[in-house]
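J.: Below is one structure. I have some questions about it.
The values are calculated or read from the model by the stated rules, or taken from the named source; none is laboratory data. Since the model is a prediction, treat every value here as computed from it, not as a measurement. Here the Cβ positions follow ideal geometry from the backbone for every residue, glycine too, while neighbour counts run over all protein chains shown. Ligands, DNA and RNA are excluded from the accessible area calculation, which covers all protein heavy atoms including side chains. Shrake-Rupley method; radii C 1.70, N 1.55, O 1.52, S 1.80 Å.
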Amino acid sequence: MSHTPDPVQTLRDHITAWQRGETTRDDLIRLLLRVPPEDGQVVHDVIHDLCGGDVLPGTTHGTTADDWRAELMASRARTWRVPEVAGLLVGPEVLVLTDGRTGAVLRDSGTQCLPASVCASMMLLCETIVMAHTALDQEELLKLQRQRVDATSTSLSEIDRIP
């Protein structure tokens, strides 16, 4: 009888392993990215497991407003929509998980839970980054389709018809 591992516990264990130096940040990011878009509940549950619904004081690890601005400006994002909304920001130094109400800043040195007022902004940032990327992907796709149509019509026009 095979036992399917709990995805929430698997993610939680990986976060802890990364923070103990037993796995890499990239391995943790890859595991988070493998959570399907329709499994937002998993990410939501991980956030609540990390923070237990409580905002912990945490430490700022010497970060300034400029450090945070640079971190956020260099972030990549991923969102999950169903059944719970959740987002991931991957910055140069930190990972941020949020569901818009609760959030956690993950560092190799520990976890800092965020107040709800910050979580809503972090979720909005995740969604904005994803929407901008999707719009660029759509624009690029349309451009490639136009190039293909133009190339096909040009090459077809060069074919001689049979009289």
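J.: Over segment 1-147, with every protein chain in place, what whole percent of the accessible area is carbon and sulfur at 1.4 Å, could you tell me?
T.: Percent of accessible area from carbon and sulfur atoms in segment 1-147: 57.
J.: Take the Cβ-Cβ distance between THR134 and ASP13 as r, set R0 to 45 Å, and report the resulting FRET efficiency rounded to the nearest 0.05.
T.: With a Förster radius of 45 Å, E is 0.90.
J.: Also, I was wondering about something else. Kindly identify segment 1-55 as rounded, prolate or oblate by the Cα gyration tensor criterion: order the square roots of the eigenvalues as a ≥ b ≥ c, call it rounded if a/c is under 1.5, otherwise compare a/b with b/c, prolate if a/b is larger, else oblate.
T.: Since a/c stays below 1.5, the shape of segment 1-55 is classed as rounded.
J.: What's the extension gain from LEU72 to GLU38 if we count 0.36 nm per residue and subtract their Cα-Cα distance?
T.: 9.7 nm
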